[in-house]
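This report refers to the structure that appears directly beneath it.
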Amino acid sequence: MRKRRGKTRGFSIQKKRKNNPNGKLEVIIPPDRTVAVGPGASNFVTKLSVTIDQNAKHDVKTWKKVSDLAKERIVAHMLDAFEIPDTQHTRDIILHTGNNSYRYRRSRLHDHFKKFATKEERLQNIGEDVTEVEWKLLVDYFDSDPFKRMSARNKINKAKQGINHICGRKSFGAISFKKDKVNELVAEQIQEIEEGTDDMDPIVNASFMKIVGEKSGYYRGQGSGLKLTNK
């Protein structure tokens with residue numbers, strides 16, 4: 001059985017952390033969004049992707065089945081690596097983004113699975129960065145009738161979607177942040193909100209709410225990246 005050598009990733013993040021006095025990187029997680037945004041968003045996604053690969057094994061069918069202990073380790077690693085508050089919102093965003101990363105990784109493994117015609121060939125060609133045990137479970141899962149039915153439904157649903165919510169590795173929510181006319185002061189105030197401060201400048205607050213909106217729900221066409229809150 002041919003084994004594959006795993007990818008070496010995360011060195012750039014380690015180097016950046018060493019260059020910071022407290023060993024942490026900066027990123028913004030606004031209270032009205034479900035993604036990390038700003039200059040540090042790419043580092044956040046990269047670090048989370050590596051952490052997911054190291055802690056969330058593919059010996060279960062879905063992200064929901066990944067153990068709570070593994071998810072807690074993932075959250076702890078991210079809180080240790082980034083200058084972000086330990087709030088429920090932050091934890092939710094880490095796990096929400098982690099879910100997307102896990103599903104993307106599973107999708108790539110399924111693509112590898114489809115390259116081979118028979119089960120024997122599939123078992124002989126282990127997917128990247130998974131163990132032999134994990135790969136056998138995945139091969140059985142990908143070959144099961146429930147998974148095939150789910151894949152067929154997903155293809156139909158995807159065909160019905162009018163807008164793609166992902167541009168490369170970034171969501172519309174993350175990309176739109178760069179296009180927002182939010183100056184540096186507002187960005188700082190966003191971080192203050194997340195940290196639980198109450199002394200936001202009323203003028204800045206009004207400008208911020210005008211830009212991001214005040215109605216509940218999500219912006220149409222921008223997926224789950226941008227979440228509006230009630231007044």
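The table that follows gives values for the structure above.
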quantity	calculated
The stretch 13-36 residues that are of a type in the set (G, A, S), paired with ones that are part of a strand (DSSP E or B) (beta carbon under 8 Å, 6 or more apart)	A36/I28
Tally, over the stretch 1-30, of residues that are over 14 Å from V45 (Cβ atoms), in a loop (DSSP other than H, G, I, E, B) and either out of contact with any strand residue (DSSP E or B) (no Cβ under 9 Å at 6 or more places or on another chain) or modelled with pLDDT under 90 (or both)	12
Residue within the stretch 75-98 that is within 15 Å of V139 (Cβ to Cβ) and either exposed (fewer than 15 other Cβ atoms within 10 Å of the Cβ) or among the basic types (K, R) (or both) present	no
Every pair of residues 6+ apart whose Cβ atoms lie under 6 Å, when the first sits in the stretch 99-114 and is in contact (Cβ under 8 Å) with a residue 40 or more places away in the chain and crowded, with 18+ Cβ neighbours inside 10 Å while the second is part of a helix (DSSP H, G or I) and among the polar types (S, T, N, Q)	S101/S49
Matching residues in the stretch 7-44 - criterion: being over 22 Å from R91 (Cβ atoms) and of a type outside the set (K, R)	T8, F11, S12, Q14, N19, N20, P21, P39
Of all residues in the stretch 150-179 being part of a loop (DSSP other than H, G, I, E, B) and exposed (fewer than 12 other Cβ atoms within 10 Å of the Cβ), the one that is modelled with the highest pLDDT	Q161
Which numbered condition K57 misses (of (1) crowded, with 18+ Cβ neighbours inside 10 Å; (2) modelled with pLDDT of 90 or more)	(1)
Residue list for the stretch 123-149, restricted to those being assigned to a helix (DSSP H, G or I) and either of a type in the set (A, V, I, L, M, F, W, C) or closer than 12 Å to R106 by Cα (or both)	L123, V133, E134, W135, L137, L138, V139, Y141, F142, F147
Condition check for A56: under 20 Å from G10 (Cβ atoms) and not acidic (D, E)	yes
Any hit, the stretch 118-134, residues being more than 26 Å from K24 (Cβ to Cβ), free of Cβ contacts under 8 Å to residues at least 40 places away in the same chain and surrounded by 15 or more Cβ atoms within 10 Å (Cβ to Cβ)	yes
In the stretch 66-106, the residues that are part of a helix (DSSP H, G or I) and among the polar types (S, T, N, Q)	Q88, T90, T97, N99, N100, S101
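The values are calculated or read from the model by the stated rules, or taken from the named source; none is laboratory data. The model shown is predicted, which means the values in this text are computed figures rather than measured ones. A quick note on method: Cβ atoms are made from the backbone with ideal geometry, for glycine too, and the neighbour counts reach across all protein chains shown.
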